[in-house]
Amino acid sequence: MSTPTSTHEPQQGPPTAPRSWAGRKPGMPSRVAAGTGRRRRVPYLVLGVLLIVVCAAGTVVTVLQVGQREPMLSLARPVTVGHVLTPQDLRQVPLSADSGTDVVPASQASSVLGQPVAYSLPSGTLLPRSALGHPQVPPPGQGTVAVAVKAGQVPPDIAPGTTVSVIVTSGAGASSSTGSTQSTPSSGPWSAVVTSVAPQTNDQSTVVSLQLPTVNARQVAAIPPGQLALVAVPPGGQ
C-alpha cells in the first residue's frame, strides 16, 4: 500500500518589504538628494548674512555723519556796523563741523555776546569771527554806494540791514542834457544790503547807502539818478 504524498506547500511568513538599490526602503529620502538641498541653501544663507552686514555698516556711517553736525551761530535779525551783539540777535543752526568756515559754534556764544560787529549783516547770515571787532566799512571785497530814490522806488519801511535788489527802471543808456550818450556796464539787478537811510531831502528823495561787491558798487554808481528802484528781498535773494 502506497503512502499518500502531501500536496500542501510549506507555510511562509509575512512578505518582506522590497528594498531598492543599496538597501534603501521606498519612501525614504535620498541621502544624496538631502545633501544637495543643503548645499543649495548655503549661498542664500551667505547672501543674507552679507546683506545684514551691509545694512549695519550703512547705519553706522549715517550715525557718524549726523553726529559730526553741531549747532552754529547765525543772526536772528539784521545788524548794522558797530551793533553790540545780544542773545536776541543770535540763533542756532546745524552745520557740519568740518565745513572749514570760521563760523562761531553755538557752544561759544558767550564769547561773542557784548562784542560789536565790524560791518552790517542781514538776518540769517552765519556769524563769522571776522565779522566781530572794530568797524570795517566796507568789509574786504565790498563797496558802499549811495543812491537817491523817490517815493515809489523804495519801500517806505526800509531800514539798515535789509537785503534789497537794485533794479534799473528806465533810461539806461539814454542821452544826457549835453547830448552825449551815457552807457552802463550792466543793467543789473544787483543784490545789496542797506547800511543807512537818510531823511528825505527837499526834492522828496531818500538817500540810501548800499553795500555790495566792489565791482557791482561801481556799476550802480554809474546809473544816472532817478533810474533805480530798490526791492526788499529775503537774505540771499535776487
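Where a number appears in this text, it was derived from the coordinates with a stated rule and is not lab data. Note that this is a predicted model, so its numbers are computed, not measured. Backbone-built Cβ (ideal geometry, glycine too); neighbour counts: all protein chains shown.
Full-extension gain between Gln204 and Arg129, please, as 0.36 nm times their residue separation minus the C-alpha to C-alpha distance.
Here the segment from Gln204 to Arg129 would lengthen by 23.0 nm.
If you stretched the chain out fully between Ala232 and Gln108, how much longer would it get, using 0.36 nm times the residue separation minus the C-alpha to C-alpha distance?
41.4 nm
Quick check: pseudo-label points 7 Å beyond the Cα along Cα→Cβ at Ala222 and Arg77, how many nm apart are they?
Using points 7 Å along Cα→Cβ, the separation is 3.9 nm.
Taking R0 as 45 Å, what FRET efficiency do you get between Gln115 and Ile52 from their Cβ-Cβ distance, rounded to the nearest 0.05?
Efficiency, rounded to the nearest 0.05: 0.30.
Which cross-chain or sequence-distant (5 or more) residues have an amide H under 5 Å from the amide H of Leu127, H modelled 1.01 Å from N in plane?
Amide H to amide H, under 5 Å and 5 or more residues apart or across chains, Leu127 pairs with Leu73, Ser74, Leu75, Val104.
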